[in-house]
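Enquirer: Before I ask anything, let me first share the structure, which is written out below as structure tokens.
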Amino acid sequence: MLEVSDIRFNYAGPVLKGLTFAVRDGELLALLGPNGAGKSTLVKLIVGILRPASGKLLLDDRDLRALSRREAARLIGYVAQESVVMFPLTALEYVLQGRFAQGRLIGFESDEDLREARRVMELTETAEFASRRVQELSGGERQRVMLARALVAQPRLLVLDEPVANLDIAHQVKMLELVKQLTDGGEMSAIVVTHELNLAAEFASSVLLMKAGEITAHGLPRDVMTECHLRDVFNAPLIVDTNPASGAPRVTIARS
Amino acid sequence: MMMSETTMRPTRAGIAVRERLTARRLAVMLTVLLLTVVVLLIVAVTIGSESVKLVTILKIMVAEVSGRAVDVSPENHLIIARIRLPRALMAMVVGAGLAVAGAAYQALLKNPLADPAILGVSSGGALGAIAAMIFAGSLPISRPIAAFIGAMITTAFVYALGQSRQGDSSIRLILAGVITNALLSSIVIFLVTTAAGARQRSVISWLIGDMGGETALLPLVALFVLMGIAVIYINARSLNLLMVSELDAFALGVEVNRVKLTVYIAASLITGATVAVSGAIGFVGLIIPHAMRLVGGSDNRLIIPASALAGGAFLLLADTIARTVIAPLELPIGVITALVGAPVFIYLLWRTS
């Protein structure tokens with residue numbers, strides 16, 4: 001459903017050096033790599049925040065660059081780093097903002113908007129905060145509300161830039177389980193940028209490993225997350241064995 | 001498209017809690033504010049050095065609206081229709097404009113402490129107006145236009161100065177505004193001080209906020225202010241998203257750059273128009289939107305019109321106080337707004353620390 005063809009991007013030098021890959025329907029793609037590899041840049045190019053120097057981005061065979069802001073927003077949901085909210089805003093209002101591209105520019109939210117908002121809030125277990133102010137929520141609760149806002153427009157592609165960074169392990173697992181559930185249905189795909197290698201190995205259906213603006217490996221977690229690849233990309237003494245419960249690759253450090 | 005379900009969830013204590021803005025809530029708040037404005041308008045027009053019967057006042061006001069002739073003495077007609085009413089309307093228009101401009105800057109800068117006076121935009125407008133007074137004194141229409149240009153240039157300057165590598169840093173923007181304000185205010189005062197005698201008095205009285213001075217410009221100012229408010233209101237929903245995060249707003253479908261430019265221009269138009277007739281009045285843009293948010297939440301679809309009405313009411317009240325408390329002398333209206341506004345501002349700062 002997403003086709004990335006020879007994407008290049010420069011910022012005081014080449015950042016992305018011609019990336020080509022595809023994401024299929026229902027895939028949960030983990031984007032891994034060291035800091036500075038270009039993961040966030042790639043994600044911003046997909047969402048449309050940045051424009052590539054060259055190359056093509058197709059979503060369901062439509063050129064992303066040709067879409068209007070509203071059309072693009074209906075197709076792609078984006079969860080990024082948290083920003084501080086300086087005004088009194090309830091969680092429900094925050095989630096309803098995700099329906100902006102669905103509605104008319106002037107006017108109030110429709111019944112459908114409200115129904116969808118309640119639905120995704122039930123899904124993300126945030127319904128109980130509907131009337132609480134976003135600033136009053138804990139980091140984990142806020143992250144779930146952000147996910148709800150990205151989901152409320154029923155996007156085809158969900159893009160998450162380090163969504164679990166501020167969560168404890170239980171919430172990290174819950175969030176990724178939820179994303180996995182949503183992609184397993186086949187209607188939505190997800191790209192997750194994360195530093196949590198083991199969570200990626202557990203939940204991702206495919207992994208894209210990047211280093212210095214290039215793709216090192218792309219495929220199943222067990223094919224991509226090998227010691228050879230990981231040591232090369234991360235320049236760290238990593239060893240890979242197998243998670244005894246799931247059979248997925250498990251990454252640990254080998255300090256000598 | 002009315003809601004089919006309740007949007008007020010009761011808490012355990014049985015008190016309804018606000019979840020989001022509904023059409024009903026909007027209607028209720030605006031009705032209350034409108035009634036307040038009407039009452040204050042009647043009070044403002046009633047109070048004055050000459051006492052005029054309320055019945056007469058109401059007759060004249062109705063006649064002004066309906067255009068029919070009215071059976072009152074020419075003196076009373078003059079006092080009410082040519083002096084008090086235009087002045088009251090001016091106060092309402094300026095108050096509405098400043099409050100909405102404040103709300104707009106707060107949304108654009110994602111900071112509840114922004115307002116056109118703090119950002120120096122009012123001073124830029126004042127400088128434009130003074131330039132017009134000096135160079136095009138015979139053309140009163142040049143003042144709001146020159147003030148608008150001054151406000152726009154100042155906005156662009158402060159905005160550019162306030163950029164950091166991470167894009168918008170609202171603290172840096174406010175700092176840039178404070179510094180620019182200081183610079184421009186001193187230039188304004190310099191020009192005023194060097195103005196010739198009688199000219200100086202009228203310029204000073206304008207500068208510190210004189211609602212009764214330029215009523216001939218009322219229709220033009222009202223037009224600019226209403227246009228500005230309308231443009232900002234059309235973008236209210238986009239501003240709701242921008243207020244949280246520009247990046248998120250972009251990803252959610254807002255044409256961020258277009259909305260920002262449009263709203264900045266509209267806010268400058270309002271600020272310029274109001275400064276041109278009433279000098280640089282501070283605090284209205286700061287405290288009115290904040291008070292509205294405390295009562296009704298941050299949804300700009302409420303805050304914009306509510307601030308317009310509440311700002312109008314506030315300045316109407318302030319002007320009435322300003323011209324009666326030490327009658328026959330008049331206090332500058334900026335004194336009243338500062339006396340109310342500064343403590344509120346201090347309280348805000350304290351609360352948000």
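The values are calculated or read from the model by the stated rules, or taken from the named source; none is laboratory data. Nothing here was measured: the structure is a model prediction, and the numbers come from that model. Cβ sites come from the backbone with ideal geometry, for glycine too, and all protein chains shown count toward neighbours.
Enquirer: Go through (1) farther than 28 Å from B:Ile270 by Cβ; (2) at pLDDT 80 or above one by one and return the number of the condition B:Pro86 breaks.
Expert: Every condition holds for B:Pro86 apart from (1).
Yes/no matrix, rows are residues, columns are (1) more than 21 Å from the chain's Cα centre (by Cα); (2) modelled with pLDDT of 90 or more; (3) under 19 Å from A:Leu19 (Cβ atoms):
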{"residue": "A:Leu58", "(1), (2), (3)": "no, yes, yes"}
{"residue": "A:Val95", "(1), (2), (3)": "no, yes, no"}
{"residue": "A:Gly98", "(1), (2), (3)": "no, yes, no"}
{"residue": "A:Ala101", "(1), (2), (3)": "no, yes, no"}
{"residue": "A:Gly107", "(1), (2), (3)": "yes, no, no"}
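Enquirer: Also, I was wondering about something else. Checking A:Val164 against (1) β-branched (Val, Ile, Thr); (2) under 22 Å from A:Ser83 (Cβ atoms); (3) in a helix (DSSP H, G or I): exactly one of these is not met. Which one?
Expert: Looking at each condition in turn, A:Val164 falls short on (3).
Enquirer: Here's another thing I want to ask about it. Among the numbered criteria (1) out of contact with any helix residue (DSSP H, G or I) (no Cβ under 7 Å at 6 or more places or on another chain); (2) surrounded by 23 or more Cβ atoms within 10 Å (Cβ to Cβ); (3) over 25 Å from B:Val295 (Cα atoms), which one does A:Met121 miss?
Expert: The single condition A:Met121 does not satisfy is (1).
Enquirer: Can you tell me which residue is farthest from B:Gly334 (Cα to Cα) among those in region B:112-170 that are within 14 Å of chain A (Cβ to nearest Cβ) and of a type in the set (S, T, N, Q)?
Expert: By that ranking, first place goes to B:Gln166.
Enquirer: In region B:201-216, which residues are among the polar types (S, T, N, Q) and more than 10 Å from B:Met90 (Cα to Cα)?
Expert: Those that are among the polar types (S, T, N, Q) and more than 10 Å from B:Met90 (Cα to Cα): B:Ser202, B:Ser205.
Enquirer: Something else: Would you please list the contacts, defined by Cβ atoms under 9 Å and residues six or more apart or on different chains, that run from a residue in region B:122-150 that is surrounded by fewer than 17 Cβ atoms within 10 Å (Cβ to Cβ) to a residue that is among the charged types (D, E, K, R)?
Expert: B:Ala136/B:Arg143; B:Gly137/B:Arg199; B:Pro140/B:Glu214
Enquirer: Still on this structure, I have one more. Which is of a type in the set (A, V, I, L, M, F, W, C) and more than 14 Å from every other protein chain (Cβ to nearest Cβ), of A:Val152, A:Val134, A:Val207?
Expert: A:Val207
Enquirer: So A:Pro14 fits all but one of (1) within 9 Å of another protein chain (Cβ to nearest Cβ); (2) surrounded by fewer than 17 Cβ atoms within 10 Å (Cβ to Cβ); what number is the exception?
Expert: Here A:Pro14 clears every test but (1).
Enquirer: A further question follows. State which residue is farthest from the other protein chains (Cβ to nearest Cβ) when the search covers only region A:105-131 and only residues that are outside any helix (DSSP H, G or I) and among the charged types (D, E, K, R).
Expert: Filtering region A:105-131 for residues that are outside any helix (DSSP H, G or I) and among the charged types (D, E, K, R), the one farthest from the other protein chains (Cβ to nearest Cβ) comes out as A:Glu125.
Enquirer: A:Gln102: polar (S, T, N, Q), facing chain B (nearest Cβ under 7 Å) and surrounded by 14 or more Cβ atoms within 10 Å (Cβ to Cβ), yes or no?
Expert: Considered against the rule, which asks whether it is polar (S, T, N, Q), facing chain B (nearest Cβ under 7 Å) and surrounded by 14 or more Cβ atoms within 10 Å (Cβ to Cβ), A:Gln102 comes out as no.
Enquirer: Assuming A:Ala72 fulfils every condition listed in (1) at the interface with chain B (Cβ under 8 Å from one of its Cβ atoms); (2) more than 18 Å from A:Asp161 (Cβ to Cβ) apart from one, which condition is it?
Expert: All conditions are met except number (2).
Enquirer: Next up: Would region A:19-26 turn up any residue that is under 28 Å from A:Asp232 (Cα atoms) and in a helix (DSSP H, G or I)?
Expert: Looking through region A:19-26, none of the residues is under 28 Å from A:Asp232 (Cα atoms) and in a helix (DSSP H, G or I).
Enquirer: Next question. Among the residues of region A:85-110, which ones are touching a residue at least 40 places away in the same chain (Cβ under 8 Å) and among the β-branched types (Val, Ile, Thr)?
Expert: A:Val85, A:Thr90, A:Val95
Enquirer: Which residue out of A:Leu96, A:Leu67 is more than 24 Å from A:Gly213 (Cβ to Cβ) and surrounded by fewer than 22 Cβ atoms within 10 Å (Cβ to Cβ)?
Expert: Criteria check complete, one pass: A:Leu67.
Enquirer: Output the residue which, of all residues in region B:274-305 that are among the small types (Gly, Ala, Ser) and within 14 Å of another protein chain (Cβ to nearest Cβ), is nearest to B:Val39 (Cα to Cα).
Expert: Restricting to residues being among the small types (Gly, Ala, Ser) and within 14 Å of another protein chain (Cβ to nearest Cβ), the top hit is B:Ala291.
Enquirer: What helices (runs of 4 or more DSSP H) lie completely within region B:228-346 and have 3 or more residues being under 30 Å from A:Leu158 (Cα atoms) and in contact (Cβ under 8 Å) with a residue 24 or more places away in the chain?
Expert: Of the helices (runs of 4 or more DSSP H) lying wholly inside region B:228-346, those with at least 3 residues that are under 30 Å from A:Leu158 (Cα atoms) and in contact (Cβ under 8 Å) with a residue 24 or more places away in the chain span B:236-242.
Enquirer: Could you list all residues from region A:75-89 that are within 7 Å of chain B (Cβ to nearest Cβ) and either assigned to a loop (DSSP other than H, G, I, E, B) or surrounded by fewer than 24 Cβ atoms within 10 Å (Cβ to Cβ) (or both)?
Expert: A:Ala80, A:Ser83, A:Val85, A:Met86, A:Phe87, A:Pro88, A:Leu89
Enquirer: Could you check how many residues of region B:251-278 are modelled with pLDDT of 90 or more and within 21 Å of B:Ala318 (Cα to Cα)?
Expert: Total meeting the criteria: 6.
Enquirer: Something else: Tell me whether region A:184-192 contains one or more residues that are of a type in the set (Ser, Thr, Tyr) and at pLDDT 95 or above.
Expert: Scanning region A:184-192 turns up at least one residue that is of a type in the set (Ser, Thr, Tyr) and at pLDDT 95 or above.
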